[in-house]
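Okay, so here's the structure we're looking at.
The values are calculated or read from the model by the stated rules, or taken from the named source; none is laboratory data. Note that this is a predicted model, so its numbers are computed, not measured. Every residue, glycine among them, receives a Cβ derived from its backbone with ideal geometry; neighbour counts consider all protein chains shown. Note: accessible area is taken over every heavy atom of the protein model, side chains too, but ligands, DNA and RNA are not part of it. Shrake-Rupley method; radii C 1.70, N 1.55, O 1.52, S 1.80 Å.
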Amino acid sequence: MARWLPRSTNLTRFCQKLNRVKTLEDDMMETSFNRCLSTIDLTLLGIGGMVGSGLYVLTGTVAKEIAGPAVIISFIIAGFASLLAALCYAEFGARVPKTGSAYMFTYVSVGEIWAFLIGWNVLLEYMIGGAAVARAWSGYLDSIFNHKIKNFTETHVGAWQVPFLARYPDFLAAAILLVATAFISFGAKVSSWLNHVFSAISMGIILFILIMGFVLAQPKNWSTQEGGFAPYGLSGIMAGTATCFYAFVGFDVIAASSEEARNPQRAVPRAIAFSLGLATGAYILVSVVLTLMVPWHTLDPDSALADAFYRRGYAWAGFLVAAGSICAMNTVLLSNLFSLPRIVYAMAEDGLFFQVFSRVHPRTQVPVVGIVVFGLLMALLALVFDLEALVQFLSIGTLLAYTFVAASIIVLRFQQQKGDVPAPAASGQPNPEPHEGPSGGELKEYESFSDKLQLVDRDKSKEQREPGQLKAAFEPYLEFLSDFYPGEVVTVAVVTLMVSAICLCSILVFGNTHLYLPTWSYSLLLVLFSLGFLLSLLLIWAHEQQHSTQTFQIPLVPLSPALSIILNIYLMLKLSYMTWLRFAVWLLLGLLVYFGYGIWHSKENLREPRPQRVSARYVVFPGGSLEERVQAVQPSSQPATGLPDTDTDDCKR
């Protein structure tokens, strides 16, 4: 039976395949896409992705059923929480100006299988999201015409009562998706121009709503006679924050478009900051005027803004609100259809998904195969499926992507940049078995030649510490960590931090309601996992990190990404068990695709050198200059014959 068990070397090699990272090109600005998008284009794409139907529906729903007028505070906290994730995307978008968004960011820092699973979840997220918005668009337009479209379809086509299928086929939703797909396939410039038109109309109507709303505002609607400003207390505000957080989902379209930006190092961070700031301001101000126009407990959750104007005697304003809602939903549709094919392209270009999706049209310079195929799939979803039960699935995919991007920021920030020396010790102390070279210096030893083998001045390497090495101030207290290679301790600490965050959030969410823990054990577990989280954070902070002035960097690393991680995990655990069950099924399907196709066709798999039976070690004798001598050293377990004589080989920097 033992012979059927995998050998440790094979298991190690298999794990290395799963966790290999993407090799980036030297010139990351080179692309088959058309770099034509400016900062304004990216900003409007981000606004279009965030300010959708939620502005017209979500504000009224949260105000009436969850938080009251304190929905304003909920949007402020949700905006800050989204800012933590958005800054992580901004740094990655500036450093790695390639399409793929969270998939690409995870691939270059964490590993291949994790990147594939993130990309796999984002695919479903965009498909369900686009189809759901199309059905909402259809329903909103149908309600303007007193549901004549729905009644006509049920009468002449028919209705059915089948689980997971819609009650009737929504031809209007499918049609708007097909039209949007056609426009997206014409190229990034056409898509951007169309988004400009709808965004301009939407922002103009929002401005009208704000001006008229403040004119009609009545401060008494926040008085204690109407229930006060926060009738549901702090718990209502936090519950509202969890719901409002999803209103800001959509800024990742900017990161997905970075390969088509003219100057991504500057445009991506600015566009993310501007779009998130404008979207947050819009949500907050609309919430203010909505709850000041009419008492919060009388709001209509389905059409709060239109109903508020109608009750104040301005029924004509309801048509403007409806037009603004439709334009806003159009921008969300364009955002979904714009991002989805580009993420599919990135996965196919890396060999992890079917190669046909990596084709770029020579004239329009867009992945037209991915646009057409996934546009048709999205239209099919909107046509026949009941998406209400699947909408919550959007949340878990987005939050998982945010979590991995935040973890990737920490890992990448404490890694050595390309071309740095992978020295195992930070203290400058000699290796455990030092050998003296011809000049009396310390020997530097490498396993093989690679692009990371750089010969640098020995004195300079002692003075300047590389990213991932222990800070000098902590060396007397954590000297045992100096034997690890740069970045190894940080990677382990990030894993520990995420495990501690999962356990801590699980106790907070399920400790009293599902686990029924006694007070003493509940408190003890909270303290233990909190200590684990904080100690992991301190251990990461005790190491040197990269400092770059060329591209944007998120401040307060590792604190900012760590806060984003624990917040995203907490919100994921608040989702229903059916959402997690569907998520597990989708993950299993993704693993079948990866192990059946992706792992074998990965470009990183083709780059890996073939295993060789003969191994050699190289010892570099330091000289007095930048020129050093390299000798081949035969391992003691093998005979010395059969190896090339490299005693006189020289390696120059």
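The slack between R363 and A200, meaning 0.36 nm per residue of separation minus the straight C-alpha distance, is 55.9 nm.
Taken about its Cα centre, region 119-240 carries a charge dipole of about 120 debye when Lys and Arg each add +1 at the Cβ and Asp and Glu each add -1 at the Cβ.
Across region 35-140, Cα-Cα pairs farther apart than 24 Å form 42% of the total. Of K64/K220; K220/K574; K64/K148; K22/K574, which ones are farther than 23 Å apart at the Cα? Pairs exceeding 23 Å: K220/K574; K64/K148; K22/K574.
Of L177, Y103, I149, which is farthest along the charge dipole of region 101-189 in the positive direction, counting Lys and Arg as +1 and Asp and Glu as -1 at C-beta? Of the listed residues, the answer is I149. In this Cβ point-charge picture (+1 for Lys and Arg, -1 for Asp and Glu), region 312-415 has a dipole of about 300 debye about its Cα centre. For H543, nonlocal amide neighbours, meaning residues 5 or more places apart or on other chains whose placed amide H falls under 5 Å from its own, are K471. Entry comment: accessible area of region 466-544 is 56 Å² per residue, from protein heavy atoms only and a probe of 1.4 Å.
Average projection, convex hull of the Cα set of region 466-544: 5.7 square nanometres.
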